[in-house]
Amino acid sequence: MAVFVCSQCGLTQSGFQPYARDRRQTLSADADWGNVRHGKGLRFQAVRGLVEGLDLSRVSDILDVGSNRGDFVRWVQQRHPHAAIWAVEPDERIIDYRHSPGVNYRKGKLEDSDLPQEKFGFVYNCQTLEHSNSAVAMLQTIWRAMRPGALMLLDVPNISSIGHSDIVEEFFIDKHVFHFDPSSLRRLVEAAGFEIVSPRGGEDPFNITLLARKIEMMPEPSGYGQGTPPLDNAALIRAYADTLHRNRERLARLVETKLRPLAKRQRVAYWGAGRIFDALVKYGGLTSSDLHLLVDKYLAGLMPETHGIPIQRPETLRLHEPQVVIVLARSGESAIASRAYAMGIRHVLKFSELLEQVTDIAVTPAAIDL
C-alpha cells in the first residue's frame, strides 16, 4: 500500500493494488481487517452523550451515513419516534432494520445514493468519511441534502494515534482510503460549507469528533489548502512504520518472558478479543494454553471464537474467577481496568504497561512506500 500526503493541506490518502480479499469475519491486526463491522457500534457508545445533548425534538428527518448494524437507527427510533430516519448502508448482511417503521433504507454508498435536497435536519456521519471514494464529494453531497442551519456529527479515526509508542495494529487497512488529523479534518469540513460548532478532538487521541453546522453557501474549492499549516504526517507515518515493526518483534519476548510464565502460576483472563489479541497470537506466539479465559463485551455477540478460543462476555469472569485480568484495549483501557476491579478482580494488568517493560532488541527498520 502506498500512502500519499498533500503538502498543502496535509490530507492523507491510501492507494493499494487490487487483490483477492478474504471475506471471512476476522479480527486481524493486519491490513486484512476482516468483516466483523463492529467499530461503529463502539463509537456510537463513545459519542452517545454528545448526541443525547442535542435538541432533536423538532427535527423531522435524520440521515445516518453508513448505518452499519443500526445502533444509531435504533436509538432514534427509541428517543425520537416522531422523526423519519434515512439509513444508507451498502452491506445488507448486517442489517435487520430495513423494514422498521420510520426507516427509509438505501442500499449502497452515500456517493451513489439519490438523496433529496435540503431535507435533513441532522446527519450522523460516524466512522464513514474515511471509506469514501472522495472525502470532499461526500461532504458536499451531505451539505446539499441538509437543511440550512442543520447539524452534522462527524467522527473519524485520528491518524495522530499512530504516534503512540505501544501500537501493534496496522492503521492503514484496505477499507480506509482517507486519514485525518484534527487540522486537516477541520480544514476539509469548513471548505465544504460547514462551521465547526463543537470540536472534541482533544478528548480521545484515537478518534476525532466534530459537530458542524451547514452554512448558507458552499465555498469555492480553492480554499482547501489555506489556513493553519498541516501536521507533518509524512514524518509521522515513517516513524510509525518503524515503531510497528519494532513492537511486533517485542511481542514474542512479552509472551515468552511475562505472559506465559504468569499463566503457569495463575489463572489469567484476557479482556479484549480484537486486534491486539490477534497480534499477540500472530506475532507473539500466544496460545490457548496461555490463558484461562477470553472476554469481550461487544465482540462476544458477533464472533463465537478467534484462533479457536471462545469469546465470552465479561460477566463470565465472576463464574471463572481468574486471578489476573490482562486488558487489551486502546481508548477504553482505563475504563475496562476499572470495571475489572469493580468485579472483584484483584490483579489487573494493562497491555500498554506490559509492553513498556519489554526491553528492545535489534531489528531491521521497516520499509514503507510513501
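The values are calculated or read from the model by the stated rules, or taken from the named source; none is laboratory data. Note that this is a predicted model, so its numbers are computed, not measured. Virtual Cβ from ideal backbone geometry, glycine too; neighbours counted across all protein chains shown. Ligands, DNA and RNA are excluded from the accessible area calculation, which covers all protein heavy atoms including side chains. Shrake-Rupley method; radii C 1.70, N 1.55, O 1.52, S 1.80 Å.
Results, tabulated for the structure shown:
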{"quantity": "Under-5 Å amide H pairs with K119, H placed in peptide plane, nonlocal only", "calculated": "M146, R147"}
{"quantity": "Residue of L27, L56, L129 that the Gaussian network model of the chain assigns the largest fluctuation, springs spanning Cα pairs under 10 Å", "calculated": "L56"}
{"quantity": "Semi-axis lengths (Å, descending) of the ellipsoid that matches the C-alpha gyration tensor of the range 88-173", "calculated": "28, 18, 12"}
{"quantity": "Environment charge at L11 (Cβ cut-off 14 Å; Lys +1, Arg +1, Asp -1, Glu -1)", "calculated": "-2"}
{"quantity": "Between helix 135-145 and the chain: long-axis angle, C-alpha atoms, 0 to 90°, nearest 10", "calculated": "50"}
{"quantity": "Whole-Hz ³J(HN,Hα) from phi, Karplus 6.51 cos²θ - 1.76 cosθ + 1.60, for the range 338-344, glycine and proline x", "calculated": "5, 5, 4, 4, 5, 7, x"}
{"quantity": "Set K40/K107; K119/K214; K258/K350; K40/K297; K119/K175; K175/K350 screened for pairs whose C-alpha atoms are more than 19 Å apart", "calculated": "K119/K175; K175/K350"}
{"quantity": "Residue-averaged 222 nm ellipticity for the chain, from DSSP H runs of 4+ at -39500 (n - 2.57), nearest 500", "calculated": "-8000 deg cm²/dmol"}
{"quantity": "Student exercise, the range 140-220 dipole from Lys, Arg, Asp, Glu Cβ charges, in Debye to nearest 20", "calculated": "480"}
{"quantity": "Nearest-20 debye value, the chain charge dipole, Cβ charges on Lys, Arg, Asp, Glu", "calculated": "1000"}
{"quantity": "Per residue, in Å², the accessible surface of the range 88-162 once ligands and nucleic acids are set aside, probe 1.4 Å", "calculated": "39"}
{"quantity": "Square roots of five times the Cα gyration tensor eigenvalues for the range 1-151, Å", "calculated": "28, 20, 15"}
{"quantity": "From phi via Karplus (6.51, -1.76, 1.60), per-residue ³J(HN,Hα) for the range 290-301 in Hz, x at Gly/Pro", "calculated": "8, 8, 8, 6, 10, 10, 7, 4, 8, 6, 4, x"}
{"quantity": "Within the chain, percent of DSSP bridges classed antiparallel, to nearest 5", "calculated": "40"}
{"quantity": "With every protein chain in place, the chain: carbon and sulfur % of accessible area (1.4 Å)", "calculated": "50"}
